[in-house]
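Working notes, structure below.
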Amino acid sequence: MSAPSHANPNPLLTPDPATEHILGPASARVTLIEFGDFECPSCRQAHPAVQMMLSHFGAQVRFVFRHFPLREVHPHAELAAEAAEAAGAQGKFWPYAELLFNHQSHLDATHLDAYAAQLGLDMPRFENELKDTVYRQRVQEQVEIGRRLNVRATPTFYVNGEFTDVSFGLEHLRSAIERALK
């Protein structure tokens, strides 16, 4: 199968289904990548808007979430990212991410465990993977990709490989997706 015509030549912006969380078909005409932080208020505000856009555009858009915890200002963000990965290993990344955004002020280890239990995860496995930092390298690899792309803040979005500035509102993201679909 050949790559879609919108494929980005920058390998840093090519989604990897083996290690990344992706919503939408590989055949989608638009790939939307977000570098996000579960403790970031701006990411929490962007989350419902992104969900509405995904619903609106349907199978025309695939969405990739990459971790970019800003540890200096968000002390729980990296552990939350690792917990989301542990949930993802049990097929629950997206519902777990939803819980993290909805309960952003409660991202300590006790609450992270409670969210996992709420989703019916295998708790010994979840707790051991967090304790053993099984997913720290994956999170740090995504941070490094963001750094190589000069990501400095969250959320940072790319539409078909093009940086999309949302600092003045998420309508810029919707416009970028609409332009990419034309």
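Below, the figures for the structure above:
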item	result
Hey, K131 surrounded by 13 or more Cβ atoms within 10 Å (Cβ to Cβ), out of contact with any Ser or Thr (no Cβ under 9 Å at 6 or more places or on another chain), modelled with pLDDT of 95 or more and on the phi < 0 side of the Ramachandran plot or not	no
Matching residues, the range 107-128, being surrounded by 15 or more Cβ atoms within 10 Å (Cβ to Cβ) and either under 22 Å from R44 (Cα atoms) or in contact with a Cys (Cβ under 6 Å, 6 or more places away or on another chain) (or both)	L107, H111, L112, D113, Y115, A116, L119
Qualifying residues in the range 1-20 (those that are of a type in the set (S, T, Y) and either assigned to a helix (DSSP H, G or I) or modelled with pLDDT of 90 or more (or both)) - the one farthest from F157 (Cα to Cα)	T19
Hey, P41 modelled with pLDDT of 95 or more and under 18 Å from the mean Cα position of the chain (by Cα) or not	yes
Near pairs, Cβ below 8 angstrom, 6+ apart or cross-chain, from the range 23-34 (touching a residue at least 60 places away in the same chain (Cβ under 8 Å)) to any residue that is of a type in the set (S, T, N, Q) and part of a strand (DSSP E or B)	E34/T156
Some residue of the range 35-57 being crowded, with 22+ Cβ neighbours inside 10 Å, touching a Pro at 6+ places or on another chain (Cβ under 8 Å) and assigned to a strand (DSSP E or B)	yes
Qualifying residue in the range 102-114 (condition: within 22 Å of P17 (Cβ to Cβ), in contact (Cβ under 8 Å) with a residue 12 or more places away in the chain and of a type outside the set (D, E))	no
Residue in the range 134-182 that is surrounded by the most Cβ atoms within 10 Å (Cβ to Cβ), counting only those that are free of Cβ contacts under 8 Å to residues at least 40 places away in the same chain and aromatic (F, W, Y)	F163
Hits in the range 117-158 (condition: of a type in the set (A, V, I, L, M), under 21 Å from V61 (Cβ atoms) and in contact with a Lys or Arg (Cβ under 8 Å, 6 or more places away or on another chain))	I145
P75 being of a type outside the set (K, R), surrounded by fewer than 22 Cβ atoms within 10 Å (Cβ to Cβ) and within 21 Å of R125 (Cβ to Cβ)	no
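Listed here are the residues, each with its yes/no results for (1) out of contact with any Lys or Arg (no Cβ under 8 Å at 6 or more places or on another chain); (2) within 23 Å of Y158 (Cα to Cα); (3) of a type in the set (A, V, I, L, M, F, W, C).
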{"position": "R62", "(1), (2), (3)": "yes, yes, no"}
{"position": "F65", "(1), (2), (3)": "yes, yes, yes"}
{"position": "R71", "(1), (2), (3)": "yes, yes, no"}
{"position": "H74", "(1), (2), (3)": "yes, yes, no"}
{"position": "E85", "(1), (2), (3)": "no, yes, no"}
{"position": "A97", "(1), (2), (3)": "yes, yes, yes"}
{"position": "H103", "(1), (2), (3)": "yes, no, no"}
{"position": "H106", "(1), (2), (3)": "yes, no, no"}
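Results for (1) in contact with a Leu (Cβ under 7 Å, 6 or more places away or on another chain); (2) within 17 Å of Q142 (Cβ to Cβ); (3) of a type outside the set (G, A, S), shown as yes or no for each residue.
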position	(1), (2), (3)
H47	no, no, yes
Q51	no, no, yes
S55	no, no, no
K92	yes, no, yes
A97	no, yes, no
N102	no, no, yes
T110	no, no, yes
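The values are calculated or read from the model by the stated rules, or taken from the named source; none is laboratory data. None of the values given here were measured: they were computed from a predicted structure. Cβ coordinates were reconstructed from backbone atoms using ideal geometry, including for glycine residues, and neighbour counts include every protein chain displayed.
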